[in-house]
1. I'd like to verify a number: residues in region 159-179 that are at pLDDT 95 or above, over 19 Å from GLY116 (Cβ atoms) and open to solvent by less than 60 Å² (accessible area, probe 1.4 Å), how many?
2. Looking at (1) open to solvent by less than 50 Å² (accessible area, probe 1.4 Å); (2) over 23 Å from TRP71 (Cα atoms); (3) not acidic (Asp, Glu), find the lone condition where ALA190 falls short.
3. Specify the residue that is farthest from ALA202 (Cα to Cα); the eligible residues are those in region 53-79 that are out of contact with any Ser or Thr (no Cβ under 7 Å at 6 or more places or on another chain) and among the small types (Gly, Ala, Ser).
4. If only one of GLY80, GLY86, GLY131 is open to solvent by less than 30 Å² (accessible area, probe 1.4 Å), among the small types (Gly, Ala, Ser) and in contact with a helix residue (DSSP H, G or I) (Cβ under 9 Å, 6 or more places away or on another chain), which one is it?
Amino acid sequence: MTQSAQGVHRDLAAAVRRKVERTGQSTPSIRGSDWQTATVTAVNGDGTVNAGGIENIRRAALYQAPAVGDWIKISQSSTGNWLAEGRLVPSAGDAWTVPALTAPWISYPGGGNYQGARYKKLADGIVVIEGLIASNGVSVSGVSNVFTLPAGYRPTATLVFPTINTGNALRQLEVVETGVVRFASLPAGAVGFISISCSFLAATT
């Protein structure tokens with residue numbers, strides 16, 4: 001075999017190798033399972049989401065309360081089926097958010113290591129609100145708004161939770177589907193302290 005013929009064979013072998021590699025990279029049945037990150041662009045009513053240009057990705061049971069804009073992990077099986085496994089922690093971290101409280105409410109200013117008002121959403125879609133607040137010496141009564149949760153952190157319908165205030169009196173805390181966190185049926189008077197601690201599953205849309 002001449003030297004030029006050997007060169008042709010080497011080039012042909014290299015071209016075939018590159019073709020095989022490209023085919024393996026683009027064909028799930030050859031490549032095997034794979035995963036990537038993607039941003040949700042649509043939430044469908046059949047338990048799927050669209051993300052990363054891929055439609056109808058089936059959600060895992062633990063991926064609750066999906067929302068457009070979620071940064072998630074998606075994986076593909078060797079048969080080409082896609083699965084949305086759940087949210088990923090953003091680069092900013094998953095720290096608590098301190099809400100802007102509606103006057104006259106403030107985080108509890110008394111002594112002791114008491115937690116002030118804050119909230120966060122867990123990877124499974126559960127929203128957690130916690131903290132102790134006070135009315136800053138101002139008399140409140142009836143319905144009194146505390147703060148408003150942003151979209152993606154709200155329940156599907158108004159939820160009611162029991163809570164305790166000064167004197168160990170039982171009161172009613174509500175989280176409305178519009179995101180408003182409020183007390184209901186408060187008797188007239190200043191509130192020395194009252195808890196806003198509760199948790200619930202966020203709405204899926």
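1. 4
2. Only one criterion is unmet by ALA190, namely (1).
3. In this case the residue turns out to be GLY53.
4. GLY80
The values are calculated or read from the model by the stated rules, or taken from the named source; none is laboratory data. Quick caveat, the model's predicted, so the values are computed rather than measured. Heads up, the Cβs are rebuilt from the backbone with ideal geometry, glycines too, and the neighbour counts pull from every protein chain shown. Side chains included, ligands, DNA and RNA excluded: accessible areas come from the protein's heavy atoms. Shrake-Rupley method; radii C 1.70, N 1.55, O 1.52, S 1.80 Å.
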